[in-house]
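J.: One structure, as structure tokens, below. Some questions next.
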Amino acid sequence: MTNDIKTSERTSAGFAPRDHAELTDTQITRRYFSKFEKITAHLARVAGQMEVEGNLTRDEVDVLARYVIKLGLSFKALANKYHMSETAYGLGGKTLTFDRRDSGFPIHAELLQMASDAAQADTHLKGMASARDLKSQMVSQIVGDLSVPKKLQYALSQRLYYEELQRGDLFWPQMHPDVIWRMNKGEGRDTRRVYLAHWAVYDSEVNLPTIYLMELEDTGRTALPKDERRWPQMQSHLMAQSMAGLQLVTIATGFDKDFDELHPKRLRRFHVGPMYSHTFTRQTGPLREVLEQAKSPPGEDWALAWTVEELKSASVKEEKSGWFGKVERQVFALDPFAGAGSGIGATSMERAIIMPERPFQVLAEKNPAGFHDVRKFVVSPGGRVLSYR
């Protein structure tokens, strides 16, 4: 197994060294993506369970489910791209690089390259034989030459990769903000439009997909999505602030000050991952021991962290604006139990772990310190989700 995963310490300016690994064997690469196919299928069900428990609304579940589906389609595209690896077949194909230590996910550069490839998908597909022709040629070679059509298999994998990119609707490095109208509050000149804003990024600092939800009130004359001035400014502002290293209070306070007519009432950040696997990752701590002792069959050797940070507006204050005007500013509630200098910059943070049944049984038996307050979602191949505190 170790010969199938090459590791290399790589340093980027401004970041600590990261343990990146390259999958150089076709079968191992397929197992890696098969694992993520199962994980992303479970994520939407976990979000549904959170709705049942009252932690998410229907429109929030729909938003999260769409991002999860896009993430699954991105992994499907990458699985096609790397279906035939360089080492196994010597066909000149590249190998997948993933973050073996910090996230378990493909590195940010993989999605950047995928976005670049998507812009040129039409050009690539014009110069390729159709999937039907490639399959026909493969059958002819197998029957006529009694040989494995490796080059045709590789050509087909690239064809399917670009077809997936051409269809679009994938999870890109940046998923620009959009809004869902929820209701109007008040009447006449005091009317406020209430929106759920949502956006996402594949965070380059931690190599993880991160989803943002913001509930905001709009007191502007023109509805936010139709405002040619505020709408693009808002989108640009939020994308520039969507970094894992920034606390939610920093993001929300900056937004509140830059947009006098937009009032953020609640901001949440969903961290999807890290993914832990005894086979593929090198994270340290109790989860690694749990997965090692579970000895799970292929496809069930994993655990996925799911962390939700939440910031709420506790009250409103007015500040002077110009000579005679006043503007509304939010006073955000911060975690009252955080010690001096150790605040999380949010009202609360809930950690959860999603895992199959066998690793959960080992986790429950070992009961390691630090997991008492971690929510556990236990998933089964049949789609059942059980929730434990």
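J.: Out of the residues in the stretch 282-321 that are acidic (Asp, Glu) and either touching a strand residue (DSSP E or B) at 6+ places or on another chain (Cβ under 8 Å) or crowded, with 18+ Cβ neighbours inside 10 Å (or both), state the one that is farthest from GLU365 (Cα to Cα).
T.: GLU319
J.: Look through the stretch 201-222, keep the residues that are of a type outside the set (Ser, Thr, Tyr) and farther than 25 Å from ALA314 by Cα, and return whichever of them is most open to solvent (accessible area, probe 1.4 Å).
T.: Among those residues, the one meeting the criterion is ARG221.
J.: Considering only the stretch 245-296, how many residues are closer than 20 Å to ILE39 by Cα, among the hydrophobic types (A, V, I, L, M, F, W, C) and in a helix (DSSP H, G or I)?
T.: 4
J.: Looking only at the stretch 277-305, filter to residues that are among the polar types (S, T, N, Q) and over 21 Å from the mean Cα position of the chain (by Cα); which one of those is modelled with the highest pLDDT?
T.: Checked the stretch 277-305; the qualifying residue modelled with the highest pLDDT is GLN293.
Per-residue answers, yes or no, for (1) in contact with a helix residue (DSSP H, G or I) (Cβ under 6 Å, 6 or more places away or on another chain); (2) under 30 Å from ARG266 (Cβ atoms); (3) surrounded by 14 or more Cβ atoms within 10 Å (Cβ to Cβ); (4) not hydrophobic (A, V, I, L, M, F, W, C):
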residue: ARG58; (1), (2), (3), (4): no, yes, no, yes
residue: LEU73; (1), (2), (3), (4): no, yes, yes, no
residue: GLU110; (1), (2), (3), (4): no, no, yes, yes
residue: SER116; (1), (2), (3), (4): no, no, no, yes
residue: ALA129; (1), (2), (3), (4): no, no, yes, no
residue: ARG132; (1), (2), (3), (4): no, no, no, yes
residue: MET138; (1), (2), (3), (4): yes, no, yes, no
residue: GLN141; (1), (2), (3), (4): no, no, yes, yes
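J.: Next question, about the same structure. For the stretch 29-47, give me the residue count where each residue is farther than 15 Å from LYS76 by Cα and among the β-branched types (Val, Ile, Thr).
T.: Final tally of qualifying residues: 1.
J.: Okay, moving on. Farther than 30 Å from PHE259 by Cα and surrounded by 12 or more Cβ atoms within 10 Å (Cβ to Cβ) - does that describe any residue in the stretch 329-351?
T.: Within the stretch 329-351, one or more residues are farther than 30 Å from PHE259 by Cα and surrounded by 12 or more Cβ atoms within 10 Å (Cβ to Cβ).
J.: Going by what's in this entry, would HIS42 be described as surrounded by 15 or more Cβ atoms within 10 Å (Cβ to Cβ), at pLDDT 85 or above and under 19 Å from LEU165 (Cα atoms)?
T.: no
J.: If only one of PRO149, PRO177, PRO173 is more than 30 Å from ASP62 (Cα to Cα), in contact (Cβ under 8 Å) with a residue 12 or more places away in the chain and not β-branched (Val, Ile, Thr), which one is it?
T.: Among PRO149, PRO177, PRO173, only PRO149 is more than 30 Å from ASP62 (Cα to Cα), in contact (Cβ under 8 Å) with a residue 12 or more places away in the chain and not β-branched (Val, Ile, Thr).
J.: Here's another thing I want to ask about it. Just to be sure I understand the filter: pairs with C-beta atoms under 8 Å, separated by 6 or more residues or on different chains, first member in the stretch 127-143 and under 14 Å from TYR161 (Cα atoms), second member surrounded by 13 or more Cβ atoms within 10 Å (Cβ to Cβ) and hydroxyl-bearing (Ser, Thr, Tyr). Which pairs pass?
T.: MET128/TYR162
J.: Quick test of your reading of the structure: VAL249 fulfils all but one of (1) touching a residue at least 60 places away in the same chain (Cβ under 8 Å); (2) over 23 Å from the mean Cα position of the chain (by Cα); (3) over 23 Å from TYR67 (Cα atoms); (4) open to solvent by less than 60 Å² (accessible area, probe 1.4 Å). Name the failing condition by number.
T.: Single failed check for VAL249: (2).
J.: Please identify the pairs in which a residue from the stretch 205-234 that is under 14 Å from PHE255 (Cβ atoms) has its Cβ atom under 6 Å from the Cβ atom of a residue that is assigned to a strand (DSSP E or B) and aromatic (Phe, Trp, Tyr), counting only partners at least 6 apart or on another chain.
T.: Correct list of pairs: TYR212/TRP199; LEU216/TYR195.
J.: Being more than 23 Å from the chain's Cα centre (by Cα) and either among the small types (Gly, Ala, Ser) or at pLDDT 90 or above (or both) is the filter here, so list the residues in the stretch 333-356 that pass it.
T.: ALA333, ALA338, GLY339, ALA340, GLY341, SER342, GLY343
J.: Please verify whether the stretch 171-181 includes one or more residues that are more than 24 Å from PHE75 (Cβ to Cβ) and open to solvent by 50 Å² or more (accessible area, probe 1.4 Å).
T.: The answer is yes; a qualifying residue exists.
J.: Any residue in the stretch 106-124 that is touching a residue at least 24 places away in the same chain (Cβ under 8 Å) and farther than 21 Å from ARG30 by Cβ sitting within a Cβ distance under 7 Å of a residue that is open to solvent by 80 Å² or more (accessible area, probe 1.4 Å) and not β-branched (Val, Ile, Thr)? List the pairs, counting only those 6 or more apart or interchain.
T.: From the stretch 106-124, the pairs are ALA121/GLN166; ASP122/GLN166.
J.: Could you list, in sequence order, all residues of the stretch 183-228 that are closer than 21 Å to ARG269 by Cβ, part of a strand (DSSP E or B) and either in contact with a Cys (Cβ under 7 Å, 6 or more places away or on another chain) or modelled with pLDDT under 95 (or both)?
T.: ASP203
The values are calculated or read from the model by the stated rules, or taken from the named source; none is laboratory data. Worth saying up front: this structure is predicted, and the values here are computed from it rather than measured. Glycine gets a Cβ as well: all are built from the backbone with ideal geometry, and neighbour counts include every protein chain shown. Surface areas here come from the heavy atoms of the whole protein model, side chains and all, with no ligands, DNA or RNA. Shrake-Rupley method; radii C 1.70, N 1.55, O 1.52, S 1.80 Å.
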